[in-house]
Every structure is written in C-alpha cells, then in structure tokens.
Amino acid sequence: MSTDIAKIELEGKSYELPIVIGTENEKAIDIAKLRAQTKYITLDPGFKNTGSTKSAITYLDGENGVLRYRGYPIEQLAENASFLEVAYLLIYGELPTKEQYDEFIASITNHTLVHEDMKQFFEAYPPKAHPMGVLSSMVCSLSTFYPESLDPDRDENAVNLTIHRLIAKLPTLAAWSYKNKMRHPFMYPNNNLDYCENFLHMMFAMPTSEYKVDPVVASALNKLLILHADHEQNCSTSTVRIVGSSHANLYASISAGISALWGPLHGGANQAVIEMLEQINADGGDVDKWVEKAKDKNDPFRLMGFGHRVYKNFDPRAKIIKKACDEILNKLGIDDPLLEVAKKLEAVALEDEYFKARNLYPNVDFYSGIIYKAIGIPTEMFTVMFAIGRLPGWIAQWKEMRENNEPIGRPRQIYIGENERDFIPMARR
Ligand code: CMC
C-alpha cells in the first residue's frame, strides 16, 4: 500500500487525499474523508468506478481478461480442481492439504439433510413457483432452524458450522425446489456420492428406478460451478456484503444474494440466453435480424449473454465454457441446433461495429445454458445452478467483510426533490 497523495482543487482550495495501491498495482483515491474536509460527496450511479472494499479473494483484470481466485488462474482451477477444493480456497484463503480437505468433505457430507419440517414449506408453493424464489426463501428459512446462528460473530466454530451447513444444504434445497415443481417425490441426499454427483442424484433419481450418474455430466457440472464460484464485487456479492454489514446472519445475507442474482442482467441471464436462442431458432434462425434489433435503441431487446461491466476484451470464463460446450455435447452425442444459433450470433456480433465500439463480448452466461440443457437441467433451474456455484464466493466475501469489521454499508445521495413546503389540507388540494 502506498503513501502517495492525490490533490483535488475545490472552490479555490486544495485538498490532499491518500492513494491506495493493490498488490496488482490497481490504484484508488481514498475519498472516505472527502466530505468531512470539503462537504462534497462523489456521485457514481451503479458504482461503475467505486471501490467498496479492499479484498484479498479474487483478482479480475477486465481489460486483459484475467480472473484469479486467491492468486490461482481460473483456467488452472477449472481444469484441475474439485468444486469443494475451490470453495475451501475461497473461504479459507489457501488450497487445502489432503487432511484439511478430507475433514472439510466429511463435515459437508454430514450436513446434507435438511430438517423434515422444511418439506412442508416446499409443499405450500404452487407448481408455477420459480425455483429461485423458492431457494431464496428456503435459505432464509434455514435461519429459523438454527437460532444460535443469528449472531454472526458468535465464535469461529459456530460460524464454520453455518458455512458448512449452507454449502451442504443448498444443493438439497435446489434439487427439492425442482422436484416440488414437478410434483415428484423428494430424493434424499446420498452421502456415498460426491458433491456434484449427489446433486444430480437428488435432481434426477426416482424411487421407482435406478439412476446412475454419468461421469461426463458430473465433471461438466464441477467445471461450471468452479467458473461461477466468485467474481469479486458484482451485484449479488455486494448485496451479500451490504446485508451482512448490518450484522444480519449469514443465511439472511446469502438469501439476499440469491435474490440479487435472479435478475436477467445478472445470473438470470443464463435462462434469458436459452429463451432468446429458442426464440431466434423458432423464428427461422436469422441472426442478423436479431443483432439489428439489439442495436436499435427504440427496441428494448438486448443480446442476452453479451456485455459485461468489467470485461472489456473477453470474459475468460466464456472462453473456457465455449470449449467445454463443444467437448461435452460431443461426448454426450448431442446435436443441439441452439449451439449453432449461438455460434452464428457470436460471429455476427463480434464483427459488428456497434458491438466492437462498445467492447461487447459473450459473457459466462452465453454458452453455460447450452451445457446445462445438454446435461438435462431444466431452463428455470439455470440461475439456481449459478447460485450453487456462487455460494462459496458469497460466503468468502461475507467472512472477509466481518473479519475486517467493515462498517455498515450506507451510500449517500444528492437530493433533487422539492425544497421545503407547507402541508396543504386535502379539501384545499
Ligand atoms: N446488447 C446490446 N447492447 C448492449 C448490451 C447487449 N447485451 N450490453 C450493453 N449494451 C450497450 C448499451 O446499450 C450501452 O450502449 P450506449 O453506450 O449506446 O448507451 C453500452 O452497450 C454500455 O452498456 P451498459 O448497459 O451501460 O453497460 P453496463 O456495464 O451498465 O451493463 C450488462 C453490463 C452486463 C448489464 C449489460 O452488458 C447487459 O445488459 N448485458 C446483457 C445481460 C447479461 O448477459 N448479463 C450477464 C452478465 S455476466 C454474468 C454475471 O456476472 O451475472
């Protein structure tokens, strides 16, 4: 960290502000005391250029398409690691030793069941309930079964127990939200299976027939979850941190993150991409027509799965996913016309001046839906899959925020409403 100073001139007076430099030479002007010194605040809707924290979890260089968790390149992790290994890395800061890993897996495996009473909550939802709404509610409901977890700072063991419970139970809750929608019987977790296999078992097994997890499918899922595991201060992660900054418990904070993820501009884009590709395909597959629509400012249509707030060259996750998509569809012997539409759409958009000028490239959600579809995940569950993947990142960010004892999140505003005026009784209005 540097002791360099930035100078700012306001109304003829000069002020000095500290400069902060990160380990990858990212630079910031620390404006925390600006208002106290000058009465000015900074204004930045959407926090496009505002750092909310110093974090040691994920490094992202949007100009050069770099993504690293705790220093490890995403490409290496996606190729070699298991999702729970990455979860451990994100949450505890280092890759686990064999002993730490075994202990972590044993604890997660031990907590996969959810309380039987929760089944009644599921049964009360109508079949048309979107699984993201159910998941967010169920995660918050977990807090009611563990009242001792309401104090987020109780002690390290208690916090770890909540963390392990969440990681263990989220796949169960996710799979049950789907089973409930189908009005199929819930499948209990099978603790002889690993994390991804167990989720697939709870999704697709039936009491009436045997279900064997395909290793190609489990490995594809493992990769997708790793690619989604963290992405520094995005909309849902910032939500988790800001909710947690009020000292709300971890279940409530994660539930809020799930809700933030749901929107189509964020995690909900993976569902929106498939729906868009289906629409284009049903319309005859004329991708030029849809690219023109996306460019038309009078048309609300946007190319879903394109563009990113921070990646302005390429999204490294999209590169990995595109390759994985080809491999997995090949291995499974699936010929999906939507993949062809997606590739044509990408090729046309990447050559188009509108997209080039705005640095709009396919993001992580562009091809992930095609893989999810290939491995049998229903469209409405795509964003739920993203939530399972993002959970360790949310937890790591929440934990870091609490350990750094960060202050409650509370942005300021510039008021542009009416000046003071007197109340007028209704009869005179
Ligand atoms: N299709 C057409 N035009 C676009 C698109 C798009 N997908 N994305 C951005 N633009 C245009 C936008 O209209 C604006 O044009 P102009 O400068 O002429 O007004 C310019 O590009 C900049 O866009 P912005 O909306 O100001 O950029 P942002 O950083 O606020 O938004 C985004 C980023 C991801 C919300 C946006 O690109 C978008 O809506 N993309 C589609 C939804 C999507 O795929 N979301 C998933 C994001 S990646 C997964 C995740 O992290 O959740």
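Stretched out fully, how many nm does the piece from residue 117 to residue 42 gain, at 0.36 nm a residue minus the Cα gap? Before the final figure, lay out the partial values.
Numbers: separation 75, 0.36 × 75 = 27.00 nm, distance 4.87 nm.
So the chain would gain 22.1 nm between residue 117 and residue 42.
Accessible surface calculations at 1.4 Å, restricted to protein heavy atoms, place the stretch 67-146 at 48 Å² per residue.
Taking amide H as placed 1.01 Å from N in the peptide plane, residue 263 has its amide H under 5 Å from the amide H of 268, each at least 5 places away in sequence or on another chain.
Using a simple spin-label model with pseudo-atoms 7 Å out from Cα toward Cβ, residue 265 and residue 76 lie 3.6 nm apart.
A simple rule links phi to the HN-Hα coupling: the Karplus curve 6.51 cos²θ - 1.76 cosθ + 1.60 with θ = phi - 60°, which for the stretch 123-131 gives 5, 7, 7, x, x, 7, 4, 6, x Hz, with x for Gly and Pro. In a fully extended conformation the segment linking residue 146 and residue 412 would gain 92.3 nm over its present Cα-Cα distance, using 0.36 nm per residue.
Could you tally the net charge around residue 26, taking each other residue with its Cβ under 14 Å from the Cβ of residue 26, Lys/Arg +1 and Asp/Glu -1? Before the final figure, lay out the partial values.
On the way: positive: 27, 54, 68; negative: 4, 24, 30, 61, 63, 232.
Neighbourhood net charge equals -3.
Which whole-number percent gives the relative contact order of the chain, counting Cα pairs below 8 Å spaced six or more residues apart?
Computed value for the chain: 20 percent relative contact order.
Placing a pseudo-label 7 Å from each Cα along the Cα-to-Cβ vector at residue 246 and residue 281 gives an inter-label distance of 4.3 nm.
Can you tell me what the convex hull of the Cα atoms of the chain projects to on average, as an area in nm²? All intermediate terms of the calculation are to be shown ahead of the outcome.
Details: hull surface 110.6 nm².
That works out to 27.7 nm².
In nm, what is the difference between 0.36 nm times the number of residues separating residue 405 and residue 33 and their Cα-Cα distance? Let's see the in-between values first.
On the way: separation 372, 0.36 × 372 = 133.92 nm, distance 1.84 nm.
Fully extending the segment from residue 405 to residue 33 adds 132.1 nm.
Each residue of the stretch 244-252 is assigned a 3J(HN,Hα), and the resulting list reads x, 5, 8, 6, 5, 6, 5, 4, 5 Hz, derived from the Karplus form 6.51 cos²θ - 1.76 cosθ + 1.60 (θ = phi - 60°), x at Gly and Pro.
With a probe of 1.4 Å, find how much accessible area the stretch 313-429 has per residue, and write the answer as a whole number in Å². List each step's numbers first, then the result.
Working: 6230 Å² over 117 residues.
With all protein chains present, the stretch 313-429 gives 53 Å² per residue.
Karplus-derived 3J(HN,Hα) values for the stretch 347-356, using 6.51 cos²θ - 1.76 cosθ + 1.60 with θ = phi - 60°, are 4, 5, 5, 5, 9, 8, 4, 4, 6, 5 Hz; glycine and proline are entered as x.
Residue pairs exceeding 25 angstrom between C-alpha atoms, taken from 181/323; 48/169; 297/356; 48/295; 169/373: 181/323; 48/169. Measuring between their Cα centroids, the stretch 239-275 and the stretch 302-365 lie 24 Å from each other.
About its Cα centre, the chain has a charge dipole of approximately 1060 debye under the convention of +1 per Lys or Arg Cβ and -1 per Asp or Glu Cβ, with nothing else charged.
The values are calculated or read from the model by the stated rules, or taken from the named source; none is laboratory data. Keep in mind the model is a prediction, meaning the values are calculated, not measured. Virtual Cβ from ideal backbone geometry, glycine too; neighbours counted across all protein chains shown. The area values use the complete protein model at the heavy-atom level, side chains included, leaving out ligands, DNA and RNA. Shrake-Rupley method; radii C 1.70, N 1.55, O 1.52, S 1.80 Å.
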